[in-house]
Amino acid sequence: MAQMSNDDTRKKRNQRAADTAARLEAAAPLFGAGKEVSSDNTVALLEAVIRAGDIVNIEGNNQKQADFLAESLNKVDRSKIHDLHMVQSAVPLASHLDLFENGIAKKLDFAFGGPQAGRVAKFISEGKLQLGAIHTYLELFGRYFLDLTPRVSLICAFKADRKGNLYTGFNTEDTPTIVEATKFRQGIVIAQVNEIVDELPRVDIPGDWIDAVIQSPKPFFVEPLFTRDPGLITDNQILLAMLCLKGIYAEYGVTSMNHGIGFLTSAIELLLPTYGEELGLKGKICTHMILNPHPTMIPAIETDWVDTIHCFGGELGMEDYVASRPDVFFIGPDGTLRSNRAFAQTAGHYALDMFIGGTLQIDKYGNSSTATASRVAGFGGAPNMGCDAKGRRHSTGAWLQCGQELPSLDQQLGTMPRGKRLVVQGVETFGEGRQPVFVDKLDAWKLAENANLDLPPVMIYGDDLTHIVTEEGVAYLNRCPDLDSRMAAIRAVAGYTDIGLQAKPEETKRLREANIVKTPDDLGVDPSRATRAMLAAKSVKDLVTWSNGLYNPPSRFRNW
Amino acid sequence: MALHTVEFDIKLNTGTITIDVPTHTGVVGSSDMEVLMEPKDLEGGVSVRIVTPVTGFDDLWKRVLDKFVNETALSDTRIEINDNNATPAVVLLRLRQAFSQATTD
Amino acid sequence: MSKWNDLQEHSFLESNARDRALGIVDDGTFTELAGPFDRLSSPHLELLGDAVAFDDGLVSGVGRIGKTPVFVVSQEGRFIGGSIGEVGGAKMANTIKLAIDFHDKLVADYPDLSEEEKPVLVISFETGGVRLHESNAGLLAHAEVMDLFQKARGKVPVISLIGSKVGCFGGMGFVAAATDVIIMSEFGRLGLTGPEVIEQEMGKEEFDSSDRALVFRTTGGRHKYIIGDANFLVADTIAAFREKVAELAPLPVAAFEEMRRVGSPETVERQVRGVALAAEMHPQDARDVWAKAGNDDPASLTDMPLAAFLGQVKRLSV
């Protein structure tokens, strides 16, 4: 038996820390006071601390962007820094993809492509970009703590103090997740901030987790992604919203949910104080929500529909309004919101009773995707919420009812009761340019071929989808005993698309008798009432009025 | 390329409803349409004329109009549509609005 | 409730051309002339394969407010941006001509007619000007309308209503400026060159047309009211526009002459003083002008509720 000794000769397990120290040592001359580095020295700093082949994260959220650091990374000497492996939740900026064009980055693991979706697909097919995988947010965050831990992270915050403490405030989003994963495996974290101050409103990220702070020449870019102008909501979207409220929200008494980004869910939000009130649903639905601060929620909040809203990110212009409603939103001791994408997605995955959103295509089996043949758009957070979380163990009325309606449950669990998340797709049967939403085969298959993906990118799988709402009515897919019956229910609400034209009248009649399909008439929804007069706010200006002047819409939404 | 015109007659034996007054509904905005509906003796039938910049949807127009005439039991009516790429959902909505206006005015 | 009653509280901004025409005059008095059943569509659009409208995007007709006959022209922005082509232009010009002829016949046949029994013309603008597909005919219509305004002057007062989505730009911006009185809502916009064209010609630094707040504070109702390009600013309902028209309609024609912003030696001098002021001030933003007019906190004027705005705003006098 070997003698234990203090002189440990086993392989060293602290090489990352030593390497980090060496890199920071090389950067030492670039530092000013404390952790401050002047923006002029940014490229030099990046060259000092990044090595070829590193896993690097540029904070690319759904909303806020470390844009200055992304542009600076494009300016490094590519003979020294190349083959980077980028891991980041979103790549919406041109500079994110320029890294691949410029030969600085080689591999990408991400969740959401946004406006760069076309370039992602193009670069993959040209061999400029090697795709790891397209993730959901939570999945990618999980891998930050598993096999995709960033060696260097380039993040952004509103403010820093001289010790490197950060205030991320309203748009905290992914920052805590990225910093924790990076720093606690001895990585390097560099923050761009809008201003460096003596005292922060509050500390969102402690300074000893941050290596360098740079005041960027311009404030970071934030996209008002979740602002929908009520002026653009159509009568058909209002009809769909009425069907959703009566056929699903009321039918199941859904209290907790996430609303997708589209105009349909904005219409639902704006119908709560009008049609929702008329149906007597206040207090019975929509009491707990996981949502960005949607401006279209203001009328419902002002009429006391909502108990709590936790946010993935912020929304430009909603700062003062949100701060004034601390009973509803999650507000720090300093009086401003703290969003957090990882926590909101966790709630979205495990705790919500319903996800409702839209899509570009639904196939005849109920699989849906927003992918087109030439764009790798990614999924963002929709699939985390748009699926049945099998690990869920707590019960609520809506969840239990949705599960108990599954005729096939006994085939899997015998007599054991179980609930199911409501996953709803609300679509008009034809989209823009008379493109059919219901299709035989998703364009995602073509994309998989064009971009060499292992799988067609599916946003929501058919077995997770429980309800489809179209202008033809509601299909209760969770009430279908088998795939044949699901396909028939999908046909019955697919209108005049090729899929819908295959519906047989006698079959649809049987589905209606079995309450698997309900038309507007069956639900007692009068389509002639579906007009903009139903909306609690018809314009952005109305939202400002509802907010008592606290909502300050971004310039592009102002028409006065 | 000139505008595309689709014309057809719909004759259902079940048609019993006639409209009282000629009516005009809708605006030819993008993805929208307008419709004129006028009472006309067509031996119980309905005649339809659609003018649209879009080709290749003649069957779809026929199906949507069939459904509308069927559900309303409309008869002895002339329908004229100026279309600017309206989806079937919008077409049905405008037709129903026009019908309700023509039968309640 | 009748449709007319429903319409009164409707947003003027959201209302289509026909509803604006119907709602601006007394209940049940509107008669549409050359309406959709006359099927006067554009022959040019048809040849080009573009969608046509039975009314060519312009509603014309006549109604009454109290004792005043009111001729109405109302433009539909959702149909090709409310642009003026051959048919719509002819409908507009002939409505004005009809109003003048009617006036002349009326005063000839009834010399004792009171002021409020004489006709007025109301134009609800929603247009970017000439329809490029049929530009010659469209331009000609602009010229005809301007010419007819001169003939109407001193006889038939012309009242502009501007509060629709497209605003009033291009050649029709000139036309609106040449009318006797302009009523706007804060959602209305009035200008000559549209924001996108300014950006295209002068660059994004000069004028960023995607900055809607900038576009509205440079061309919108509140600004136009402050600098005097608009005579009145009203709330965004058909009723509010209608009440203002009803208040003006019985006034003698001389009162309208006083509301004009152009077309007399005095107004020309005032315009020249305005140009001189602009040259002297070099305003970088509309708010500079608002401050010059005596508004201490110009930034607050944008979001202030309308009643408060009207109560405290100071208008530019040159």
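What follows is calculated from the coordinates using simple rules that are stated; it is not laboratory data. These numbers come from a predicted model, not from an experiment. Cβ sites come from the backbone with ideal geometry, for glycine too, and all protein chains shown count toward neighbours.
Here are a few things to note about the model shown:
- For chain A, relative contact order (Cα pairs under 8 Å, six or more residues apart, normalised by length) works out to 14 percent.
- Acute angle (nearest 10 degrees) that the helix A:15-27 long axis makes with the longest principal axis of chain A, alpha-carbon atoms: 70 degrees
- Subtracting the Cα-Cα distance of residue A:334 and residue A:198 from their residue separation scaled by 0.36 nm leaves 47.4 nm.
- Table column - 3J(HN,Hα) (Hz), region B:23-31, Karplus curve with 6.51, -1.76, 1.60, x for Gly and Pro: 9, 10, 9, x, 10, 7, x, 5, 6
- MRE, 222 nm, helices only [DSSP H, n ≥ 4, -39500 (n - 2.57), over chain C, to nearest 500]: -13000 deg cm²/dmol
- Counting only Cβ charges, +1 for Lys and Arg and -1 for Asp and Glu, the dipole size of chain B around its Cα centre is about 220 debye.
- Each residue of region A:295-303 is assigned a 3J(HN,Hα), and the resulting list reads x, 6, 7, 4, x, 5, 5, 5, 9 Hz, derived from the Karplus form 6.51 cos²θ - 1.76 cosθ + 1.60 (θ = phi - 60°), x at Gly and Pro.
- Amide hydrogen proximity for residue A:437: with H placed 1.01 Å from N in the peptide plane, the residues at 5 or more positions away or on another chain lying under 5 Å are A:430, A:431.
- Using the Cβ-Cβ distance between residue B:11 and residue C:243 with R0 set to 56 Å, the FRET efficiency from 1/(1 + (r/R0)^6) comes to roughly 0.65.
- Filtered GluC sites (Glu not before Pro), region A:105-203: DSSP coil and at most 14 other beta carbons within 10 Å: A:199
- Based on Cα contacts under 8 Å between residues 6+ apart, region B:4-104 shows a relative contact order of 41 percent.
- Convex hull projection area averaged over all views, region A:268-330, Cα basis, nm²: 3.8 nm²
- For region A:333-378, the spread of Cα coordinates along the three principal axes comes to 49, 27, 14 Å, biggest extent given first.
- Shape analysis of the protein assembly as shown yields a ratio of the Cα radius of gyration to the Kirkwood radius, Rg/Rh, of 1.01.
- Percent of alpha-carbon pairs separated by more than 26 Å within region A:23-222: 25 percent
- Phi to ³J(HN,Hα) by Karplus 6.51 cos²θ - 1.76 cosθ + 1.60 over region A:477-493, Hz, x for Gly, Pro: 5, 6, 9, 8, x, 8, 5, 4, 5, 4, 5, 5, 5, 5, 4, 5, 10
- When all alpha carbon pairs of chain A are counted in 10 Å bins from zero, the resulting P(r) reads 4, 17, 26, 24, 17, 8, 3, 1, 0 %.
- Crossing angle, helix C:86-109 versus chain C [Cα axis fit, 0-90 degrees, rounded to tens]: 70 degrees
- At R0 = 56 Å, FRET efficiency that the Cβ-Cβ distance of residue C:139 and residue A:521 yields, to 0.05: 0.60
- Restricting attention to region A:230-542, close to 40% of DSSP beta bridges with both partner residues there are antiparallel.
- Radius, Kirkwood style, for region A:193-297 when every pair of distinct Cα atoms is counted (Å): 16.8 Å
- Exposure proxy ranking, count of Cβ atoms within 10 Å, fewest first, for A:501, C:161, A:316, A:108: A:501, A:316, A:108, C:161
- According to the Cα-based calculation, Rg over Rh for region C:112-189 is 1.03, with Rh computed by the Kirkwood formula.
- In region A:460-560, the C-alpha radius of gyration followed by the widest Cα-Cα span (Dmax) gives 19.4, 55 angstrom.
- Beta bridges per DSSP with both ends in chain B, % antiparallel, nearest 5: 75 percent
- For region B:4-104, radius of gyration divided by Kirkwood radius, i.e. Rg to Rh on alpha-carbons: 0.93
- Per residue convex hull volume, Cα atoms of chain C, in Å³: 142 Å³
- For residue A:65, residues with placed amide H under 5 Å, excluding near neighbours: A:221
- Computed lengthening from residue A:452 to residue A:418, 0.36 nm per intervening residue step minus Cα-Cα distance: 8.4 nm
- Neighbour cut-off at most 13 other Cβ (10 Å), DSSP loop, trypsin sites (Lys or Arg not before Pro), region A:331-406: A:390, A:393
- Fraction of antiparallel bridges per DSSP, the protein assembly as shown only, in percent to nearest 5: 40 percent
- An ellipsoid equivalent to region A:230-542, defined through the eigenvalues of its Cα gyration tensor, has semi-axes of 30, 22, 21 Å when rounded to whole angstrom and sorted largest first.
- Ellipticity estimate at 222 nm from DSSP helix runs (n ≥ 4, -39,500 (n - 2.57)) divided over chain A, nearest 500: -7000 deg cm²/dmol
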